[in-house]
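Throughout, read-outs are computed from the coordinates displayed, never taken from laboratory work. Since the structure is predicted, the reported quantities are computational estimates derived from the model, not experimental observations. In this analysis, Cβ positions are derived from the backbone assuming ideal geometry, glycine residues included, and neighbour counts consider all displayed protein chains.
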Amino acid sequence: METKGKVKSGKWQGKDRRKGPDPLTKVFQVIILVCWVLFIAAMLTVHKASPEFDMVTDRWMGFKIRKFWDKRMIETAQYLFFTLLSVSSVGLIINSTRNKRKTDHYSISVFLMIACSIVALIILYVKF
């Protein structure tokens with residue numbers, strides 16, 4: 001039985017006519033970058049919303065220390081994590097439509113962003 005094309009032992013032997021990543025792959029790469037930016041922004045927002053540390057020098061200089069969580073910043077972090085969940089879900093859908101070959105793979109970043117955003121949203125909604 002003869003096969004069409006030049007496939008020997010599972011490897012293609014013909015000319016590679018691909019000209020680089022298609023537009024959907026480039027969109028997916030941008031989505032991953034946006035996800036990481038959103039994740040960092042959300043984590044920094046949560047850090048800024050947390051109570052400030054009381055240092056000896058602060059008490060000595062008479063600085064006022066915020067000892068409570070900033071609700072407005074927490075709401076902003078919740079919006080950022082929800083946006084992260086939405087964007088990473090779109091990225092997962094795009095990634096799943098592109099996986100047709102055995103050599104294709106799912107991006108770990110997308111799964112990581114979905115898991116982190118779900119966990120963060122649960123914690124923020126339960127705690128606040």
Highest average packing first - 114-126, 85-97, Cβ atoms within 10 Å = 85-97, 114-126
Computed over the range 72-120, Kirkwood Rh from alpha-carbon pairs, angstrom | 11.7 Å
In the chain, helical segments from DSSP H whose Cα atoms cover 30 Å or more along their own axis and that average at least 0.0 on the Kyte-Doolittle scale are 23-49, 71-98
Mind putting together the pair-distance distribution for the chain? All Cα pairs, 5 Å bins, whole percent per bin, short to long.
-> 2, 9, 14, 14, 11, 10, 9, 7, 6, 5, 4, 3, 2, 1, 1, 1, 0, 0
Linear extension gain, Phe82 paired with Lys67, 0.36 nm per residue minus alpha-carbon span = 2.7 nm
Charge tally for neighbours of Phe128 with beta carbon under 12 Å away, counting Lys, Arg as +1 and Asp, Glu as -1, is +1
FRET efficiency for Val27 and Lys127, using Cβ-Cβ distance with R0 set to 41 Å, rounded to 0.05 | 0.70
